[in-house]
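Notes to accompany the following structure.
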Amino acid sequence: MRIDHGVRCKGDQDLIVRLRIEQMARTVCPLSNVRLRVFDNLADHNLKRLLDARLLITINCDDPAYLDGYLSTNFIETQRALALDETDLVALAKNRFTANVLSGEAKSGHHAAVEVAYRAFQESDGRPKIA
């Protein structure tokens, strides 16, 4: 089960606890939230606070052609605006698989692949290798 958007749960601590325990996925669309005036600007978005509360948050895009925000743009602009660190980004990448309807084994395989990619990134000092 998942909740699309669901960024207004922050004021209800009982709900936050339940969402954390049940690991109910939240498909957050940060650029859409700003364009639709849920938040005044991306720096005000609560995605980082929800992530820090250990909720199962994923970054998504909502009507990307209309709202001018494809998935990669949502990730990049949100990372910059909220100063998401590498741990946050790895968690968000893994969350996309955790929230998926894949088998547990498939999810574990994808989580391992994220870890391998992250270690390779660390070893490269964050600079892409050109073959």
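The values are calculated or read from the model by the stated rules, or taken from the named source; none is laboratory data. Note that this is a predicted model, so its numbers are computed, not measured. Here Cβ is always computed from backbone atoms with ideal geometry, including for glycine, and neighbour counts include all displayed protein chains.
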Q.
of a type outside the set (Gly, Ala, Ser) and in contact with a Pro (Cβ under 8 Å, 6 or more places away or on another chain): which single residue out of Thr58, Thr78, Thr98 fits that description?
A. Thr78
Q. List pairs: first in region 1-29 and more than 22 Å from Asp63 (Cβ to Cβ), second among the charged types (D, E, K, R), Cβ under 6 Å, 6+ apart or cross-chain?
A. Arg20/Arg54
Q. If only one of Leu42, Leu50, Leu71, Leu67 is at pLDDT below 95, of a type in the set (A, V, I, L, M) and more than 20 Å from Thr98 (Cα to Cα), which one is it?
A. Leu67
Q: Find the residue count for region 17-63, including only residues that are part of a helix (DSSP H, G or I) and within 20 Å of Lys94 (Cβ to Cβ).
A: 11
Q. How many residues are farther than 19 Å from Arg54 by Cα, acidic (Asp, Glu) and in contact (Cβ under 8 Å) with a residue 40 or more places away in the chain when one looks only at region 74-108?
A. 1
(Q) Could you go through region 95-103 and let me know if any residue there is surrounded by 12 or more Cβ atoms within 10 Å (Cβ to Cβ), out of contact with any Lys or Arg (no Cβ under 7 Å at 6 or more places or on another chain) and not in a loop (DSSP other than H, G, I, E, B). (A) yes
Q.
Asp52 - would you say it is under 16 Å from the mean Cα position of the chain (by Cα), of a type in the set (Asp, Glu) and surrounded by fewer than 17 Cβ atoms within 10 Å (Cβ to Cβ)?
A. yes
